[in-house]
Amino acid sequence: MASSPGLNFLIAKYLRGLPNSNLANEFVQSLEQNNLLPSTHNWNGVERQISFSELEQQYAHVPDNHLFHLLENVMSYV
């Protein structure tokens, strides 16, 4: 099954907002170890994985509960 790096990031952000931070930390560690987060290319065109902390800095405007609100909006149309 294919993975969606953007969705993985949103799931990790959501888990970070929950009281059990151990679950979130394990999930983030698994994402980073298995290269399941988005990648980028440097100026030479070499691809590298972006860490979760880099993504958090890049998307600091995205709240922890963003995934919840997206799903809530989708469910209002069902």
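The values are calculated or read from the model by the stated rules, or taken from the named source; none is laboratory data. No experiment lies behind these values; they were computed from the predicted model shown. FYI the Cβ positions are ideal-geometry reconstructions off the backbone, even for glycines, and counts take in every protein chain you see. Only protein heavy atoms, including side chains, enter the accessible area calculation; ligands, DNA and RNA are left aside. Shrake-Rupley method; radii C 1.70, N 1.55, O 1.52, S 1.80 Å.
Which condition does Gln57 not pass, out of (1) in contact with a strand residue (DSSP E or B) (Cβ under 9 Å, 6 or more places away or on another chain); (2) modelled with pLDDT of 95 or more, if it passes all the others?
Here Gln57 clears every test but (1).
Just wondering, is there one or more residues in segment 17-28 that are surrounded by fewer than 16 Cβ atoms within 10 Å (Cβ to Cβ), in a loop (DSSP other than H, G, I, E, B) and among the hydroxyl-bearing types (Ser, Thr, Tyr)?
no
For every residue, the table says whether it meets (1) at positive phi; (2) open to solvent by 60 Å² or more (accessible area, probe 1.4 Å); (3) in contact (Cβ under 8 Å) with a residue 60 or more places away in the chain.
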site	(1), (2), (3)
Leu31	no, no, no
Asn35	yes, yes, no
Gly45	yes, no, no
Ser51	no, no, no
Glu54	no, yes, no
Gln57	no, yes, no
Phe68	no, yes, no
Asn73	no, yes, no
Val78	no, yes, no
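For segment 35-53, give me each residue that is within 13 Å of the chain's Cα centre (by Cα) and not aliphatic (A, V, I, L, M). Spell out how you get there, then give the answer.
Keep residues of segment 35-53 that are within 13 Å of the chain's Cα centre (by Cα), which gives 35-39, 49-53.
Scanning segment 35-53 gives Asn35, Pro38, Ser39, Gln49, Ser51, Phe52, Ser53.
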